[in-house]
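The values are calculated or read from the model by the stated rules, or taken from the named source; none is laboratory data. Note that this is a predicted model, so its numbers are computed, not measured. Cβ sites come from the backbone with ideal geometry, for glycine too, and all protein chains shown count toward neighbours. Each accessible area value is taken on the protein alone, full model and side chains, heavy atoms only, with ligands, DNA and RNA left out. Shrake-Rupley method; radii C 1.70, N 1.55, O 1.52, S 1.80 Å.
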2 protein chains.
Amino acid sequence: MAGKPTIDDVARIAQVSRQTVSNVVNSPEIVRPETRARVEDAIGQLGYRPHASARRLRSQKSSTIGIRLAAMGDGISGSVLDRFLHALTEGAYARGMRVLLFTADDDAGEIEQIERLRDDRDADAFVLTSTSHSDLRTRWLLDQGIPFVTFGRPWAADDMGDPMHHWVDVDGRAGLRAAAEHLIATGARRVAYLGWPSPSATGDDRRRGWADAMSSRGASESELASLSIEAEEDVTAARVAVAEFLDRRPDVDAIATASDSLALGALIATTALGRTDVAITGFDNTPVAAAVGLTSVEQRLGMVADGVLELLMGVSGRDISMREPRPGEAHRLVTPELVVRGSGGGERPVPVVDPM
Amino acid sequence: MAGKPTIDDVARIAQVSRQTVSNVVNSPEIVRPETRARVEDAIGQLGYRPHASARRLRSQKSSTIGIRLAAMGDGISGSVLDRFLHALTEGAYARGMRVLLFTADDDAGEIEQIERLRDDRDADAFVLTSTSHSDLRTRWLLDQGIPFVTFGRPWAADDMGDPMHHWVDVDGRAGLRAAAEHLIATGARRVAYLGWPSPSATGDDRRRGWADAMSSRGASESELASLSIEAEEDVTAARVAVAEFLDRRPDVDAIATASDSLALGALIATTALGRTDVAITGFDNTPVAAAVGLTSVEQRLGMVADGVLELLMGVSGRDISMREPRPGEAHRLVTPELVVRGSGGGERPVPVVDPM
DNA sequence: CATTTCGCTTTGATCGTTCAAATCAGAATG
DNA sequence: CATTCTGATTTGAACGATCAAAGCGAAATG
């Protein structure tokens, strides 16, 4: 009476047993309608809510997904993780799950934390981000039989066909193809590509998208090579690289880039050179892109989050229920969306970076 | 035997009772050393870890802090929340707490979620961010008697003296004073201020810091007014405002700004105008600032997080233990730190934004 | 020597729920 | 009409820990 109402309080008021109340809460369909109504009434009247820990103890499920909050030295794109986290949390709540945060300095530390959370039964599934080829973590999780999904492909020989583990990823290739095609469609004659130094699994894939668009317009391999710019994921590095490049190749009138950071560097370089005719596209659709009016590729993180939850819990399940990954059912490749803004080419409706 | 070991398994191996094992885990000092050793041995041998939910059920404590992951339309500065979250999570784990995420579209929605999490006993304390004057949420939380700390002052008449509730904040005024003084020290003769339209609690406070520095150099009120630029938290808006301003006041050779977004706008404007002699400082020390080499005010979010946990749990406590806020013990005002980079003034060691 | 004190350990109850099996009333079956 | 079946509800036993109080042996006290 003093504290929060328990299931017994509800049972007493509704003149039924504990278990019936439990049934009304967990599987209403097996309770006779009138009984159900009576119980629901009592629940509403008392403001009863099940004690999550009691339920978790008994059912041996934590209904919690653990995810590492990376230290984000990733520059601007850190906000991608942020938005993904937001979408994941929202989706998780809709399915009766919670999202628990943890931190770690490196992958080994992450494994340690996951082990702890698993042993404490604080989380029963995990989501990994920024996976690399032959990732320590995925191997370990598979060995342990811990349910997990990665946001990011394993980038193994045959990602789609050979389901080592469950993953969701964004089709960067399609994204860059769209960006390049948009630049061409809005009047660009020579579209360069600004990406990260190869080899870079994600980067090479994005470059392929640009190459797709260019090839279908008749560009040769050597032309593609001569239109490629490389820079580390860093605004300054990108600025320097683009300035140098435009000096050699003033005929280039558009640049599709692999990230908003690179794009920002390109934007600063072209502005400084007075080359405001050069159209630029970014990737990630970060707040910075929105802020400076940059056309960018949006990853649709809501769909990514949905995909993750679907792989973890089934299409509409409310429990972690992961099977062996089966071909065709273990992956989701989300097609991104091009968000067109002023600096993306053509008429430049809002002249964003030229002097007033 | 099949599943994870329980406290009873440990007890059996160590030839002691359940409770003794519990004591070894929770208050080792009351157990006789040899007994303790035996139990610890058994724990290690079995790899025993207490079942978090069982513990929470019995002790009626969730040992969990809830925090809303804002949708971050805040532009670049979204990363501040991110870094704070990281620091908070790290600190929380060190004190045996977990951090649970939730989302909401607005403050009313946040209240709803908090109520749920409280009722489900999923979290027993909350951290609020970006509080406004006369905040719906703080009022409600106080009424409900739910432990919480805000990151951000209430901005009431006398924040420091009158402890309505527990809060931690960064001393933006001191930050901008330091920035302005740095600009002056490195050779600037006329330092303008670029901030958000008044009234803005945070913004006005930061402006005051700049004004402090200027006044002590003998600037009059009217001079200060003529050196103030206003723009919304938006790169483009800032760029436009700064371009206009520099047209009127070409004598200005430095700009202290209230945020990295504004600073980026200023940077783009000065670059475009060829005024690379104008030194600029930002606020928040976001990845963007680092990327473009911008001197910026670092909020020291680790200290903020520590302050939050201290107010919630006491100096070294491992439990939520909040009293009535008492004068002098209910607040923490963290002094930020100026991170000096190339574009911050003076010699411009690394010419970041001029054409190559 | 009986008694109190002290330090450590054990015992029994309990936290609030779900599981598994038992019960029960009424309908359907032969 | 006795019997089986069926759907809805109840009962007793966990889940794995901590709390509160009791127990116990050795040392201290009168």
Self-check item: Interchain or long-range residues, amide H under 5 Å from B:ALA125's placed H
Solution: B:THR64, B:GLY66
Quiz item: Quick one: label points 7 angstrom along Cα→Cβ at A:ASP119, distances to the other copies in nm, smallest first?
Solution: 3.7
Quiz item: What residues have an amide H closer than 5 Å to that of B:ALA254, excluding those fewer than 5 places away on the same chain, when H is modeled at 1.01 Å from N in the peptide plane?
Solution: B:ARG190, B:ALA192, B:ALA279
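Counting alpha carbon pairs within less than 8 Å and at least 6 residues apart, what relative contact order, in whole percent, applies to chain A? Write down the numbers at each step before the final one.
Values: 627 pairs, mean separation 59.5, N = 356.
In percent, rounded to a whole number, it is 17.
Need one value for B:84-91: mean number of C-beta atoms belonging to other chains within 10 Å of its residues' C-beta atoms.
Details: counts 0, 5, 6, 1, 3, 6, 7, 1.
Per residue, the average neighbour count from other chains is 4.
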Self-check item: Expected-Rg normalisation [2.2 N^0.38 Å, Cα atoms] applied to region B:97-255
Solution: 1.33
Quiz item: Amide H to amide H, which residues 5 or more places from A:ARG332 or on other chains are under 5 Å from it, using H placed in the peptide plane?
Solution: A:TRP167, A:VAL168, A:ASP169
Exercise. Among A:GLN299, A:GLN113, A:GLN15, determine the one that fluctuates most according to a GNM of chain A built with springs between C-alpha atoms less than 10 Å apart.
Key: A:GLN15
Quiz item: Which number comes out as Rg/Rh for the protein assembly as shown once both Rg and the Kirkwood Rh are worked out on C-alpha atoms?
Solution: 1.01
Quiz item: Using alpha-carbon positions, what is the distance between the centroids of region B:206-239 and region B:105-181, in Å?
Solution: 28
Self-check item: Label point 7 Å beyond Cα along the C-beta direction, distances from A:SER316 to other copies (nm, shortest first)
Solution: 5.5
Quiz prompt | Pair-distance profile P(r), taking every C-alpha pair of chain B, with 10 angstrom steps and integer % | solution = 5, 21, 25, 19, 14, 8, 5, 2, 0
Exercise. Distance between Cα centroids, region A:1-55 to region A:257-271: provide it in whole Å.
Key: 59
Quiz item: Using a Gaussian network for chain A with springs between C-alpha atoms less than 10 Å apart, which of these wobbles most: A:ASP319, A:ASP143, A:ASP82?
Solution: A:ASP143
Quiz item: Taking the Cβ of A:SER220 as the center, what net charge do the other residues with Cβ under 15 Å away carry, scoring Lys and Arg +1 and Asp and Glu -1?
Solution: -1
Quiz item: Shortest first and in nm to one decimal, what separations exist between A:ASP106 and its copies in the other chains, measuring from label points 7 Å along the Cα-to-beta-carbon line?
Solution: 4.8
Self-check item: Total accessible surface hidden between B and A, rounded to 100 Å², 1.4 Å probe
Solution: 5600
Quiz item: From the phi of every residue in region A:191-208, what ³J(HN,Hα) in whole Hz does the Karplus formula 6.51 cos²θ - 1.76 cosθ + 1.60 yield, where θ is phi - 60° and glycine or proline is x?
Solution: 9, 8, 10, 10, x, 7, x, 7, x, 8, 3, 4, x, 4, 5, 5, 4, 4
Quiz prompt | Hz values of 3J(HN,Hα) by residue in region A:258-265 - Karplus curve (6.51, -1.76, 1.60), Gly and Pro given as x | solution = 8, 6, 5, 5, 4, 4, 4, x
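Whole number in Å², please: accessible area per residue of the protein assembly as shown, 1.4 Å probe, ligands, DNA and RNA not counted.
Working: 30200 Å² over 712 residues.
Here the per-residue accessible area is 42 Å².
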Quiz item: How much solvent-accessible surface does B:ASP247 expose, in Å² to the nearest 10, with a 1.4 Å probe and all protein chains in place?
Solution: 130
Self-check item: Within a Gaussian network of chain A (alpha carbon springs, distance under 10 Å), most fluctuating of A:VAL288, A:VAL99, A:VAL16
Solution: A:VAL16
Practice problem: Just subtract the alpha-carbon distance of B:LYS61 and B:THR6 from 0.36 nm times their residue separation and send over the number in nm, one decimal. | Solution: 17.8 nm
